[in-house]
Amino acid sequence: MNIYFRLFLIAATSSLLLLNSCKKKLVNSNQFLYSSYYELKTGKFIEYDVMEITHDENASNQHDTSYYQLKCIVEDTFTDNAGRLAFNYVRYKRTNSTEAWVQSDLWSTTIFNNKAELVEENQRIVKLIFPISEFTTWNANQFNTAVKLNCSYDNLHAPKAISGFSFDSTLVVEQEDKRNLIEFKRKYEVYANRVGMVKKYYKDLQISNFDTLNIKSGKEIFMTLTNFGN
């Protein structure tokens, strides 16, 4: 066999092996998918300060405001009804730091087919979709009967400081930004890499004559991270 042809075969074989190795690393890498923005690990927890406002012009308290603290923990795993590995997502609540945590909700969460799903109040919500990019869009309500909610990413991998914590990589999930004669809806969530959701901004209001301060009914929820760990 010609020496030059042998050298060519060796070089070509080496290149193919290297390419296949790189492809495997890329496909299997969480860094490529950025699924670490929704890292599921038993014992992982996040604590929040929460302000919740319920508006009803016909109620005795038309703008009922409550403040409380919320602790969300990823607990033990189980197999869900579709045969998938899922985690119990348990929420604990208290009025302030002097009280003991009391369980308020038992939800579940999983990552399947590159979708981070959270079942809250028996409604399956697609919180994030992977790989994360500025061109990715999805319907958060695709697995339930609620109105279609088109989501997208913004401010990808940006550093952000929240409650005294400095996160080197965060993103915004844009959920809704709508204002007209009778509605004002502004919803988004902020996620930090290897932490999870660090902020939630939710306004779903019925208003009068474009005036966002003239609220007829609706709800506002504001959540801000105060602590986290594994």
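The values are calculated or read from the model by the stated rules, or taken from the named source; none is laboratory data. Model, not experiment: these values are computed from the prediction. Reconstructed Cβ throughout: ideal geometry from the backbone, glycine too, with neighbour counts over all protein chains shown.
In the list Asp80, Asp49, which residue meets the criterion of being within 24 Å of Ile129 (Cβ to Cβ) and within 21 Å of the chain's Cα centre (by Cα)?
On the way: Asp49 fails: within 24 Å of Ile129 (Cβ to Cβ).
After applying the criteria, what remains is Asp80.
Select, from Phe143, Phe87, the only residue that is in a strand (DSSP E or B) and either at pLDDT 95 or above or loosely packed, with under 11 Cβ neighbours inside 10 Å (or both).
Numbers: Phe143 fails: in a strand (DSSP E or B).
Checking each option against the conditions leaves just Phe87.
Mind counting the residues in segment 110-137 that are farther than 22 Å from Thr42 by Cα and either part of a loop (DSSP other than H, G, I, E, B) or within 13 Å of the chain's Cα centre (by Cα) (or both)?
Initially, segment 110-137 is screened for residues farther than 22 Å from Thr42 by Cα, giving 123, 131-137.
Next, from what is left, pick out any that are either part of a loop (DSSP other than H, G, I, E, B) or within 13 Å of the chain's Cα centre (by Cα) (or both): 131-136.
Residues in segment 110-137 being farther than 22 Å from Thr42 by Cα and either part of a loop (DSSP other than H, G, I, E, B) or within 13 Å of the chain's Cα centre (by Cα) (or both): 6 in total.
For a quick check of your reading: which strands (runs of 3 or more DSSP E) sit entirely within segment 146-230 and have at least 1 residues that are under 23 Å from Val74 (Cβ atoms) and of a type in the set (Asp, Glu)? Full working, then the answer.
Details: elements: 150-162, 165-179, 183-192, 196-208, 211-229.
By residue number, 165-179, 183-192.
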